[in-house]
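Please read the structure below before turning to the comments.
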Amino acid sequence: MNCLIVIAHPDRKSFENTKLLKTLKMRYSKDGHTVNVVDLYLDGYNPTQFVGDLSKINDNAFSKSYRHLIKTSEHIWIITPTRWLSMSPLIEGFIDQVFINGFAFKDSRALLGDRKIGVVLTCTSPKIVRWKTLDIMWVRLKVMVFPQMFKFKNIKVYQIWNVKKSTNLELNGHLQKIIKIVNNFLK
C-alpha cells in the first residue's frame with residue numbers, strides 16, 4: 001500500500017517537519033508500506049506562477065507528478081499550519097491545481113473516493129480561540145470540500161492548537177492520537 005504525505009511548512013525545525021512528519025513516515029514504514037513525501041516548500045511549488053496564463057494552471061509538471069502520486073496512493077495526509085482560518089497558500093493552491101475536474105471528480109461523480117484522507121492542521125493560537133472560529137476549518141474540510149466536492153468518505157481532520165507553546169508531553173499526546181487515526185485507516 002502507498003501513503004502520500006503532503007506538507008507545507010516553511011520552518012525546517014518545526015514540530016510539523018520534524019516530529020509529525022517522521023511519526024507518520026515511521027508508522028507506515030513499520031508495516032512495510034511505501035511512503036512518498038511531497039514537501040511543497042522544498043519542491044519550490046508556487047501556485048501563483050500561472051497567474052496571467054491560466055492555460056497551464058492544471059497542466060504543469062508539478063500538478064501532473066502530484067496527481068500521479070495521489071492516483072497511486074491509498075492514504076493521503078496533508079500537514080499544514082493555519083493562518084486566519086485558512087490553510088497554507090501552498091496547500092490551497094495544491095488542492096486547486098491537483099484535485100481538478102476530470103481527475104478527482106467528473107460530472108458530480110467521484111474518481112478518487114476510495115482514498116483515505118488525513119489532514120493535520122496546526123496553529124499557534126491557544127485552544128480557547130476554537131469556540132470563536134466555530135471549528136470552521138474542520139467544517140470546511142470534513143463536511144464540505146473533501147466529501148462534497150471529491151466524494152471522499154473516510155476523512156479525518158485533526159487540529160493541534162498552540163503548537164509552539166505546547167510541552168513535549170502535550171505534543172507527544174497529539175502524535176499518539178494521530179497514530180491511532182493511522183491504525184484505524186489501516187484496518
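Read-outs throughout are calculated quantities, based only on the coordinates presented, and are distinct from any laboratory measurement. Since this is a predicted model, take the numbers as computed values, not measurements. Here the Cβ is made from the backbone with ideal geometry for all residues, glycine too, and neighbour counts use every protein chain on show.
Between LYS25, LYS156, LYS127, the GNM of the chain built on Cα springs shorter than 10 angstrom shows LYS127 fluctuating the most. In this simple spin-label approximation, ASN172 and THR34 carry label points 7 Å from Cα along the Cα→Cβ vector, and these lie 3.4 nm apart. Per the Cα gyration tensor, the stretch 7-121 maps to an equivalent ellipsoid with semi-axes of 23, 19, 13 Å, ordered largest to smallest. Applied to the stretch 69-86, the Karplus parametrisation 6.51 cos²θ - 1.76 cosθ + 1.60 on θ = phi - 60° returns per-residue 3J(HN,Hα) values of 5, 5, 4, 9, 10, 8, 10, 10, 10, 10, 10, 8, x, 10, 9, 6, 6, 9 Hz, with x for Gly and Pro. Of the chymotrypsin sites (Phe, Trp or Tyr not before Pro) found in the stretch 17-46, those that fall in a DSSP loop while having at most 16 other beta-carbon atoms within 10 Å are TYR41.
The calculated 222 nm mean residue ellipticity attributable to helices in the chain amounts to -8500 deg cm²/dmol, summing -39500 (n - 2.57) over DSSP H runs of n ≥ 4 and dividing by all residues.
Between the Cα long axis of helix 168-186 and the first principal axis of the chain there is an angle of about 50°, rounded to the nearest 10. For the chain, with a Gaussian network of springs between Cα atoms less than 10 Å apart, report the residue from PHE103, PHE150, PHE94 with the top mean-square fluctuation. Of PHE103, PHE150, PHE94, the Gaussian network model singles out PHE103 as fluctuating most. Projecting the Cα positions of HIS174, TYR66, ASN101 onto the charge dipole of the stretch 63-187 (unit charges on Cβ atoms of Lys, Arg, Asp and Glu, taken about the Cα centre) puts HIS174 furthest along the positive direction. The gain in end-to-end length when the ASN101 to LYS153 segment is fully stretched comes to 16.9 nm, 0.36 nm per residue minus the alpha carbon separation.
Counting only alpha carbon atoms, the long axis of helix 89-98 and the longest principal axis of the chain meet at about 40°.
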